[in-house]
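I have placed the structure first, in the form of structure tokens, so that the comments after it can refer back to it.
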Amino acid sequence: MQDPLPFTLAVLAILGTPGPTNTLLASSGALVGVRRSLVLIGAELAGYALAIAGLHAVLGPLLGAYPEIKTALRLLVGAYLLVAARELWLRQDEPMGCARPVGLNRVFITTLLNPKAIVFAFGVIPLSQPNAAAYVAAFLGMVVVVASAWIVFGTLVGRMVSMSAPRIVPRVSAAVLTCFAGLIAVGG
């Protein structure tokens, strides 16, 4: 995708779609607020950069030759998301701003395993073109913008529900991650 406008629209649409990483970012915003959650953006950037580079360089040729690797990866990602969902579900009641933050490693690994990286690596970012660096830089900039929006969204939702039902945000997040785990594991 070399035309800048369709590239930008595709990246924003894919990044903006609810998914495992966005769920964690919104959960963090709801649990600990914007300021304490912003550090997670670096973990998302690193996760996408490593995933896209690895997929493009190593896994791309292997997936074509060995389709069973794709199935194994889907099951691995699904299992990982179930572990993350369980952790969110079991969180104890903690007042807004005092909760344990979502960990950097959780966001990094979730993003590293995020199926969206496959779409970016093979369908959106023109990695084989001479101007690929400009597209990668633009992609990373959009990750920062969209991740910030998810954190702010989570913070707003967290403030609305924290007083009346403090466990609802982590529980809803856990349910969403569980749904994503199932969809990914079955190839949806």
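Would you confirm whether any residue within the stretch 29-39 is surrounded by 15 or more Cβ atoms within 10 Å (Cβ to Cβ), under 13 Å from the mean Cα position of the chain (by Cα), at negative phi and modelled with pLDDT of 85 or more? Scanning the stretch 29-39 turns up no residue that is surrounded by 15 or more Cβ atoms within 10 Å (Cβ to Cβ), under 13 Å from the mean Cα position of the chain (by Cα), at negative phi and modelled with pLDDT of 85 or more.
When the test is whether a residue is closer than 16 Å to ALA147 by Cβ, of a type in the set (Gly, Ala, Ser) and either buried (at least 17 other Cβ atoms within 10 Å of the Cβ) or modelled with pLDDT under 90 (or both), ALA49 passes it. Screening GLY154 on (1) out of contact with any Pro (no Cβ under 6 Å at 6 or more places or on another chain); (2) buried (at least 21 other Cβ atoms within 10 Å of the Cβ); (3) at pLDDT below 80 shows it passes everything except condition (3). When PRO4 is tested against (1) in contact with a Leu (Cβ under 6 Å, 6 or more places away or on another chain); (2) over 21 Å from THR178 (Cα atoms); (3) modelled with pLDDT of 85 or more, only condition (1) is not met. Close contacts from the stretch 143-159, counting a first residue that is within 18 Å of THR111 (Cβ to Cβ) and a second that is acidic (Asp, Glu), with Cβ to Cβ under 9 Å and a gap of 6+ residues or different chains, come to VAL143/GLU44; VAL144/GLU44; ALA147/GLU44.
The values are calculated or read from the model by the stated rules, or taken from the named source; none is laboratory data. Small disclaimer: the values here were computed from a predicted structure and weren't measured. Here the Cβ is made from the backbone with ideal geometry for all residues, glycine too, and neighbour counts use every protein chain on show.
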